[in-house]
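Peer 1: Supplied in structure tokens, the structure appears directly below.
What follows is calculated from the coordinates using simple rules that are stated; it is not laboratory data. Everything numeric here is computed off the predicted structure, so don't read it as measured data. Here the Cβ positions follow ideal geometry from the backbone for every residue, glycine too, while neighbour counts run over all protein chains shown.
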Amino acid sequence: MKSLVIYFSRPGNNWAVGYIEKGNTEVIAEYIRQFTGADLFKCDPVKPYSEDYAKCTEEAMAYKKADARPELKKYLDDISGYDVIYIGGPIYWGELPYEVYTELDRLDFKGKTVKPFSTHEGSGLGNVESVLKRKCVGASVKKGLAIQGGSVNSDFAKKQVKNWVE
């Protein structure tokens, strides 16, 4: 089975751990790749969020209110060669960042297995599973994995990811 990880991740000022060079979700995406051999696709916005955490949350709320689809630097053309699609990001106001939705809206998920994941500081998966069931039409959406952002670099988090992907 060929796998793909579609994710958004943001470095910068973080709620729980201060400034981070690599976003928490990117760390988890790399664990998934390590354990599955999955390809990675980062939803990289043309206009990045502020590095300031408070401003970032304001920008995320504005996207949510507008049901925005922020422009990405690049897009996937086709996922027909993949069986399992891991979809993840930090939880912003109960959902994945809208950059992920920009990408998902373009793709055909019929016959795919979708496995959601998130990084968070207390909100778990938020509404991710139910949103992905609506957005990934024709896919089988499996139980997701939520990892506390401040713990992504721990052996415990890595083991959680390994157990979940197996």
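Peer 1: Could you derive backbone 3J(HN,Hα) for the range 136-152 from the dihedral phi with the Karplus parameters 6.51, -1.76 and 1.60 (θ = phi - 60°), listing whole Hz in sequence and x where the residue is Gly or Pro?
Peer 2: Values, residue by residue: 9, 4, x, 8, 9, 8, 8, 4, x, 10, 10, 10, 5, x, x, 10, 4 Hz.
Peer 1: Once you place label points 7 Å from the Cα toward the Cβ at Asp108 and Arg134, how far apart are they in nm?
Peer 2: With each label placed 7 Å out from Cα toward Cβ, I get 2.4 nm.
Peer 1: If you don't mind, there's one more thing I want to ask. Please enumerate, by chain and number, the aspartates and glutamates with C-alpha under 16 Å from the C-alpha of Lys142, excluding those fewer than 8 residues away in the same chain.
Peer 2: Asp83, Glu129, Glu166
Peer 1: Explain nothing, just the number: relative contact order of the range 94-166, from Cα pairs under 8 Å at least 6 residues apart, as a whole percent.
Peer 2: It comes to 33 percent, rounded to a whole number.
Peer 1: In the P(r) worked out for the range 43-166, what percent of Cα pairs fall beyond 22 Å?
Peer 2: That fraction is 37 percent.
Peer 1: Okay, next question. Pairs of alpha-carbon atoms within less than 8 angstrom and 6+ residues apart define the contacts here; what relative contact order does the range 3-165 have, in percent?
Peer 2: Answer for the range 3-165 is 24 percent.
Peer 1: Under 25 Å Cα-Cα from Lys135, which lysines qualify once same-chain neighbours fewer than 8 residues away are excluded?
Peer 2: Lys2, Lys42, Lys47, Lys64, Lys65, Lys73, Lys74, Lys110, Lys112, Lys115, Lys143
Peer 1: Further question on the same structure: Taking the chain as a Gaussian network, where each spring joins two C-alpha atoms under 10 Å apart, which residue of Ser50, Ser154, Ser140 fluctuates the most?
Peer 2: Among Ser50, Ser154, Ser140, the largest GNM mean-square fluctuation belongs to Ser154.
Peer 1: Another one. What is the fewest-to-most order of Tyr75, Tyr86, Tyr49 by other Cβ atoms lying within 10 Å of their Cβ?
Peer 2: Arranged by neighbour count, lowest to highest, Tyr75, Tyr86, Tyr49 become Tyr75, Tyr49, Tyr86.
Peer 1: Sticking with this structure for a sec: Output needed: percent of Cα pairs per 10 Å distance bin for the range 1-103, bins running from 0 to the one holding the longest distance.
Peer 2: In whole percents, the pair-distance histogram is 15, 47, 31, 8, 0.
Peer 1: While we're here: What are the residues whose amide H is under 5 Å from the amide H of Thr119, where those residues sit 5 or more places off or on another chain and H is modelled from the backbone?
Peer 2: Under 5 Å from the amide H of Thr119 lie the amide H atoms of Gly89, Ile91, Ile147, each far enough along the sequence or on another chain.
Peer 1: Which trypsin sites (Lys or Arg not before Pro) in the range 65-166 sit in a loop by DSSP (not H, G, I, E or B) and have at most 16 other Cβ atoms within 10 Å of their own Cβ?
Peer 2: Those satisfying the criteria are Lys73, Lys74, Arg106, Lys110, Lys142, Lys143.
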